[in-house]
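Down below is the structure, laid out as structure tokens.
The values are calculated or read from the model by the stated rules, or taken from the named source; none is laboratory data. Bear in mind that the values here come from a model prediction, so they are computed numbers and not experimental data. Every residue, glycine among them, receives a Cβ derived from its backbone with ideal geometry; neighbour counts consider all protein chains shown.
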Amino acid sequence: MTSKAVGIDIGGTGIKGAIVDVSTGKLLSDRIKLPTPEGGQPDDIVLTVLEVLKKLGSPDKKLPMGLCFPAVVVKGRTLSAANVSKKWIGLEAEALFEKGLNRDISFVNDADAAGYAEALYGAAEKQKGLVILTTLGTGIGTALIYKGVLVPNAELGHLQLEGVDWETKAAYSAKERENLSWEQWAERLQKYYDMLVALFHPDLFIVGGGVSKEHKDFLPLLKLDTPIVPAVLRNNAGILGAAALASGK
Ligand code: BGC
């Protein structure tokens, strides 16, 4: 196993990438970030990933490269598209990236990559029992990790509450869109985490996504018996997890 790998994290708002050392979980390059092209169309996203790779100095094609994406990913196909173009639904996305980038990749869901990274290098390291990572960003991503093993494609951000897909109410984008105060947003998060407790009884919640760096403003407002902690790897988690999964770590 090589310890150097490339990680690319495709999100609804930005596409980030870096070269990483998967044995330590440290970045070996600057983190490059470009905006996700308007509309999130497949070909435009492939071109933006190419740009990110160029800015990383076109890393050696022999290096393992992992890409994570905000959709259900089964056998290289994207089966959903919550915050990107609907053209992704049913697309052979892994093959599309491999052709467009002219290199082999490994392709996974973004929250799964982030959860895997937190289990390897971050807030869930050495955690026994069930850990649920939730990323609060454009959407709500979730990863289930039991005794260090990732259960892929848990789409718990789309659980229904009060008759609506709760991601549309409790993602960080909803706070911004509706100009919610921390308290108003926390009320919605409370309902969300209460539901996850009732369904899964996890041992630990990890909260990721860019807003997790402001955890002091909202995590103390939540009343939960389950411990809830901010992600340690923050915005690098997807990059690190995608790279680690690609290199078989
Ligand atoms: C998608 C998930 C993704 C999450 C975070 C949700 O809308 O359905 O697949 O992990 O957003 O990007």
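Here are a few things to note about the model shown:
- Note on region 1-17: residues that are more than 15 Å from the chain's Cα centre (by Cα) and surrounded by fewer than 24 Cβ atoms within 10 Å (Cβ to Cβ) total 4.
- Any hit, region 118-134, residues being more than 12 Å from the ligand (Cβ to nearest atom), crowded, with 24+ Cβ neighbours inside 10 Å and in a helix (DSSP H, G or I): yes
- Qualifying residue in region 183-198 (condition: away from the ligand (no atom under 16 Å from the Cβ) and in a loop (DSSP other than H, G, I, E, B)): no
- Filtering region 143-154 to residues that are crowded, with 20+ Cβ neighbours inside 10 Å and within 14 Å of the ligand (Cβ to nearest atom) leaves ALA143, LEU144, LEU150, ALA154.
- Pairs, first in the same structural domain as THR138 (by TED's automatic domain parsing) in region 211-223, second surrounded by 13 or more Cβ atoms within 10 Å (Cβ to Cβ) and hydroxyl-bearing (Ser, Thr, Tyr), C-beta under 7 Å, six or more apart: VAL211/TYR172; LEU222/TYR193
- Test: residue in region 42-59 that is without any contact (Cβ under 8 Å) to a residue 40 or more places away in the chain, more than 12 Å from the ligand (Cβ to nearest atom) and touching a helix residue (DSSP H, G or I) at 6+ places or on another chain (Cβ under 7 Å): no
- Condition check for ILE8: within 19 Å of ALA246 (Cβ to Cβ), outside any loop (DSSP other than H, G, I, E, B) and free of Cβ contacts under 8 Å to residues at least 40 places away in the same chain: no
- Every pair of residues 6+ apart whose Cβ atoms lie under 6 Å, when the first sits in region 155-173 and is away from the ligand (no atom under 13 Å from the Cβ) while the second is of a type outside the set (D, E, K, R): none
- Filter pass, GLY100 being at pLDDT 95 or above and assigned by TED's automatic domain parsing to the domain that holds ALA242: yes
- Subset of region 74-117 [part of a strand (DSSP E or B), within 15 Å of the ligand (Cβ to nearest atom) and not aliphatic (A, V, I, L, M)]: ARG77, THR78, PHE107, ASN109
- All conditions but one from (1) out of contact with any strand residue (DSSP E or B) (no Cβ under 8 Å at 6 or more places or on another chain); (2) under 22 Å from LEU219 (Cα atoms) apply to VAL164; the one that does not is (2).
- ASN179 being surrounded by fewer than 21 Cβ atoms within 10 Å (Cβ to Cβ), outside any helix (DSSP H, G or I), within 12 Å of the ligand (Cβ to nearest atom) and of a type outside the set (A, V, I, L, M, F, W, C): no
- Residue pairs meeting the criteria (Cβ under 8 Å; at least 6 apart or on separate chains; first closer than 14 Å to GLN160 by Cβ, in region 181-200; second assigned to a helix (DSSP H, G or I)): ARG188/LYS169; ARG188/ALA170; ARG188/ALA174; LYS191/ALA170; TYR192/ALA170; LEU196/LEU156
- Residue match in region 140-151 (condition: among the polar types (S, T, N, Q), at positive phi and outside the structural domain of ALA243 (by TED's automatic domain parsing)): no
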